1. Yes or no: the stretch 210-219 includes at least one residue that is modelled with pLDDT under 80, open to solvent by 80 Å² or more (accessible area, probe 1.4 Å) and more than 19 Å from the chain's Cα centre (by Cα).
2. Within the stretch 156-169, how many residues are touching a residue at least 60 places away in the same chain (Cβ under 8 Å), surrounded by 15 or more Cβ atoms within 10 Å (Cβ to Cβ) and outside any loop (DSSP other than H, G, I, E, B)?
3. Scan the stretch 104-124 and report the pairs whose first residue is closer than 17 Å to Leu179 by Cα and of a type in the set (A, V, I, L, M, F, W, C) and whose second residue is in a loop (DSSP other than H, G, I, E, B) and open to solvent by 10 Å² or more (accessible area, probe 1.4 Å), with Cβ atoms within less than 6 Å and a gap of 6+ or a chain change.
4. Return yes when Ala100 is open to solvent by less than 10 Å² (accessible area, probe 1.4 Å) and free of Cβ contacts under 8 Å to residues at least 60 places away in the same chain and no when it is not.
5. Any residue at all in the stretch 111-130 that's under 24 Å from Leu213 (Cβ atoms) and among the aromatic types (Phe, Trp, Tyr)?
6. Among the residues of the stretch 31-46, is there at least one that is of a type in the set (A, V, I, L, M), touching a helix residue (DSSP H, G or I) at 6+ places or on another chain (Cβ under 6 Å) and in contact (Cβ under 8 Å) with a residue 60 or more places away in the chain?
7. Consider Leu92 carefully, then state whether it is among the hydrophobic types (A, V, I, L, M, F, W, C), at pLDDT below 95 and open to solvent by 10 Å² or more (accessible area, probe 1.4 Å).
8. For the stretch 125-155, what are the residues that are surrounded by 16 or more Cβ atoms within 10 Å (Cβ to Cβ), in contact (Cβ under 8 Å) with a residue 60 or more places away in the chain and farther than 25 Å from Cys201 by Cα?
Amino acid sequence: MGSRSGHAFTSLTTEIGDKNSPLRQHFDARFPNRRPLQVEFKGSACQLLVDPAGANPGSLGAAFDFMVRMILDPSHVPLVALQGIRPGSRMLNAVLDVVAVAQRAAVGSREGRAAEELIRACWLFALTTEVYRTGIRPGSPLMVLGSRASVSAELLLGLAPDAAVDEMQELHLLAVEHLYPRVPVGASLALGPTFAGSELCNADADVIFDGCLLDIKTRLGDKTARGRSDGRACSKSWLRRGVGLTRHG
């Protein structure tokens, strides 16, 4: 990825967090007086809803995004999760098998508990998406696959820790109550859509349904005197409308 300035863009989140990035510098120049708004917003944050069980919060957020997409459309193929895998490799074949597992498990998941196979599949999609966006990170569960003579769907599904399964199940039950009822069955869906700027930076949206852009925030809350609260995500009124979801951390 690159730009006219010669800067090599990575992921959108990384670019916003990098003070030397042209994108971050653009936002700093365009919105220089955001501090009062940030303070006011954090001061009105609601309490979070899901206790942490120890899962990596970054991977959890990405995995939950994928699970929402699969449940809204069980035929969905998470293409972004395949981008970092070498074509024709044994790894790609195994991941495609996991996609098929997820599609079957997602059917009928708008109500009740989610199938564990779906949760584990979406955790894998989060791991492979990290490879595409930023490269394989130290400590990634995918690193253990290098020494394996073969890679199977069963092996890949086993990479999700029990903590991730537990936390995602709780998030899913929140979505069953607050999110899925707001997205009509048969709605016009765009899952993981990209935009013109995606040619410069690895970035995609979560869901667009019937022209409404849905951004899902699943993150570890900021520490406060009362524990942790959601300093960036949604208020209780957002939850009632199904526009956002948060996790307690």
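1. no
2. Residues flagged as touching a residue at least 60 places away in the same chain (Cβ under 8 Å), surrounded by 15 or more Cβ atoms within 10 Å (Cβ to Cβ) and outside any loop (DSSP other than H, G, I, E, B) within the stretch 156-169 amount to 5.
3. Within 6 Å, the pairs are Ala106/Pro74; Val107/Pro74.
4. Working: open to solvent by less than 10 Å² (accessible area, probe 1.4 Å): no; free of Cβ contacts under 8 Å to residues at least 60 places away in the same chain: yes.
No; evaluated as a whole, the condition is false for this residue.
5. Scanning the stretch 111-130 turns up at least one residue that is under 24 Å from Leu213 (Cβ atoms) and among the aromatic types (Phe, Trp, Tyr).
6. Here is the first cut: in the stretch 31-46, the ones of a type in the set (A, V, I, L, M) are 37, 39, 45.
Adding the requirement that they be touching a helix residue (DSSP H, G or I) at 6+ places or on another chain (Cβ under 6 Å) leaves none.
Looking through the stretch 31-46, none of the residues is of a type in the set (A, V, I, L, M), touching a helix residue (DSSP H, G or I) at 6+ places or on another chain (Cβ under 6 Å) and in contact (Cβ under 8 Å) with a residue 60 or more places away in the chain.
7. Values: among the hydrophobic types (A, V, I, L, M, F, W, C): yes; at pLDDT below 95: yes; open to solvent by 10 Å² or more (accessible area, probe 1.4 Å): yes.
Here the answer is yes, as Leu92 does meet what is asked.
8. Listed by number, the list holds a single entry, Val151.
The values are calculated or read from the model by the stated rules, or taken from the named source; none is laboratory data. Since we're looking at a predicted model, the values are computed, not measured. Here the Cβ is made from the backbone with ideal geometry for all residues, glycine too, and neighbour counts use every protein chain on show. To get the accessible areas, we keep the full protein, side chains included, count just its heavy atoms, and leave off ligands, DNA and RNA. Shrake-Rupley method; radii C 1.70, N 1.55, O 1.52, S 1.80 Å.
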